[in-house]
Each structure stands twice: as structure tokens, then as C-alpha cells.
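The values are calculated or read from the model by the stated rules, or taken from the named source; none is laboratory data. Worth saying up front: this structure is predicted, and the values here are computed from it rather than measured. Positions of Cβ are backbone-derived with ideal geometry, glycine not excepted, and every protein chain shown enters the neighbour counts.
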């Protein structure tokens, strides 16, 4: 069965992204066309990139890198749950992505983003990274502006439109993951 990782990219204490990622996973769990797993960057304990050789060479020396590579290699596609920090991607998530290369190749990726502008600028930056990693980024996207999808107490309250849009993200990520299967060998 097609395996999709929902990757939570914020590592901040009291992070908003945890509620968003839990919602994405809850919605995914209702589907039967793929197997989903929530992967939290905070649980990976990856230091600032410390491998001596470039990731494209696949010569990982550290156990944390080998474990991370094995985890990411096990998936056919990804849904990144990403905040927007300073008009771009969160550093901890970018660091985790930069550890690997081949493990991302020929896999699909979709985005659920959040922030003051819904995280759209972070997703635009992620699309450039995905292209370099030979990933197929899907058009469907869920963006969650703080002003519309969160209460005054920062509690996450997804709208019906966000929930409907998430179904489209899943549909496209799964379809592309399956279409790219021959390239992954």
C-alpha cells in the first residue's frame, strides 16, 4: 500500500503546528487508499547538519542520519505541515530535509501551511527545494491564516473549506506517489 508521511516541521515549544498536524493525521486516518504516519521533526533529534559528505553521495556516517534516512526512504509521498518563519521555511525542518537526498527523490509532496499569511510564502520556498530533490509537488494546498483558522487564544479551528481542501491534497499526493512508483524502482 502507498505510504504517506505527514511531516510536522515546527519544533518550537507550545507550537501551533502540533494541533494542525494532528488534524491532518486525523483526516488522513479516515482514508483507505493509503497508509499514513505522522513524523515529527522534533522527535528526530537531528543536530545542525553534521555529515561530512554531501547527502547526494549517500555516505551517511552518523546513526541519527542513518535512522532518518531509513524513516524517509520508507515513504512514497509526503504532506509537509509547515509554518512560515520570516517569509520562508522553518530552519529545523529545512535542516532535516537537507540531511538526505535520494530518499526524497521521485516522491510526491503536498503542503499544509499556517501563519499570518497562511504560510503561502513558506510553501513557495518549499516548492523550489522539492524541485531540487526531484520531488513532484502537487498543486492542491491548504493554507491556514491565523486570522481565519485560529481563535484569539491560538486554538486551531479548521474551517469546512480547509477540511475539503485537505482531501484534494491527499488525492493528488497519493495519485502522484503511485504514478512515480516505476521511477523509484
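What to note about this one:
- Selection status of residue 129, touching a helix residue (DSSP H, G or I) at 6+ places or on another chain (Cβ under 7 Å) and part of a helix (DSSP H, G or I): yes
- Test: residue in region 169-179 that is more than 13 Å from the chain's Cα centre (by Cα), farther than 20 Å from residue 38 by Cα and modelled with pLDDT of 95 or more: yes
- Residues (free of Cβ contacts under 8 Å to residues at least 60 places away in the same chain and either more than 16 Å from residue 140 (Cβ to Cβ) or touching a helix residue (DSSP H, G or I) at 6+ places or on another chain (Cβ under 7 Å) (or both)) located in region 161-185: 162, 182, 185
- When 61, 124 are checked against the criterion of being over 15 Å from the mean Cα position of the chain (by Cα), without any contact (Cβ under 8 Å) to a residue 12 or more places away in the chain and either outside any helix (DSSP H, G or I) or surrounded by fewer than 21 Cβ atoms within 10 Å (Cβ to Cβ) (or both), a single residue qualifies: 61.
- Qualifying residue in region 67-80 (condition: within 12 Å of the chain's Cα centre (by Cα), touching a residue at least 60 places away in the same chain (Cβ under 8 Å), assigned to a helix (DSSP H, G or I) and buried (at least 18 other Cβ atoms within 10 Å of the Cβ)): yes
- Exactly one residue out of 161, 110, 118 is outside any strand (DSSP E or B), surrounded by 18 or more Cβ atoms within 10 Å (Cβ to Cβ) and at pLDDT 95 or above: that is 118.
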